[in-house]
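The values are calculated or read from the model by the stated rules, or taken from the named source; none is laboratory data. Model, not experiment: these values are computed from the prediction. All Cβ positions, even for glycine, are placed from backbone atoms using ideal geometry, and neighbour counts span all protein chains on display. All accessible areas refer to the heavy atoms of the entire protein, side chains included, with ligands and DNA or RNA removed. Shrake-Rupley method; radii C 1.70, N 1.55, O 1.52, S 1.80 Å.
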Amino acid sequence: MRVKFTVNGEQRTADDVWEGESLLYVLRERLGLPGAKNACEQGECGSCTVYLDDTPVCACLVAAGQAQDREVRTVEGLGSEDELDPVQQAFIERGAVQCGFCTPGLIVAAHDLIRRNPCPKDAEIREALAGNLCRCTGYEKIIDAVHTAAAHSRGEATS
């Protein structure tokens, strides 16, 4: 089957997609967008989180055909090479990137939180990121990065 959809603002087509193929597989293997990671394939880890019509989803659980005529935004589509999204920049600034495997999903989840709540408290950040597992950290640097990104998004300086 052929799937046509918008990915990071660009009209894309994937040919010869089989019925059970996941959106994650199409993004990574057919379209060359490796940001969303393939980890659990059960929607438990959050490493493959992307936006589907502005709603965060686990791309491993979405059949590629469900993206037909819809809009997908991956971690690659949040910023650009010249200007990172405030969440991407804050993860770098605060050292919230360790092995990097969970980072794309955490960034998309944090981005979504800040869109909905520009001044989240620790408990709200923890709740928003609860579906994203990280094996390398105690999450403190990640929470710091979300606070920093929220402040940047509000136009506030951070130290």
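Overview of results
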quantity	calculated
Portion, in percent, of the accessible area of the range 6-159 that falls on carbon or sulfur, probe 1.4 Å	45 percent
Per residue accessible area of the chain, 1.4 Å probe, in Å²	52 Å²
Lys, Arg +1 and Asp, Glu -1 on Cβ, resulting dipole of the range 1-73 about Cα centre, debye, nearest 20	180 debye
Area projected by the alpha carbon convex hull of the chain, averaged over all directions, nm²	9.0 nm²
Three-way shape label, the range 26-79, alpha-carbon gyration tensor, a/c 1.5	rounded
Dipole of the range 118-159, positive end: most advanced residue of Gly155, Gly131, Pro118 [Cβ charges, Cα centre]	Gly131
Relative pair counts by distance (%), Cα atoms of the range 55-116, 5 Å bins	3, 16, 26, 23, 16, 10, 4, 1
Candidate lysines - alpha carbon under 23 Å from Lys141, same-chain residues fewer than 8 apart omitted	Lys37, Lys121
Residues whose placed amide H lies under 5 Å from that of Ser22, excluding near-sequence neighbours	Ala64
Rg to Rh, two decimals, where the range 86-139 supplies the alpha carbon set and Rh follows Kirkwood	0.92
For Arg12, distant residues with modelled amide H under 5 Å away	Phe5, Thr6, Val7
Cβ-Cβ FRET estimate between Arg115 and Ala63, R0 fixed at 35 Å, reported to 0.05	0.85
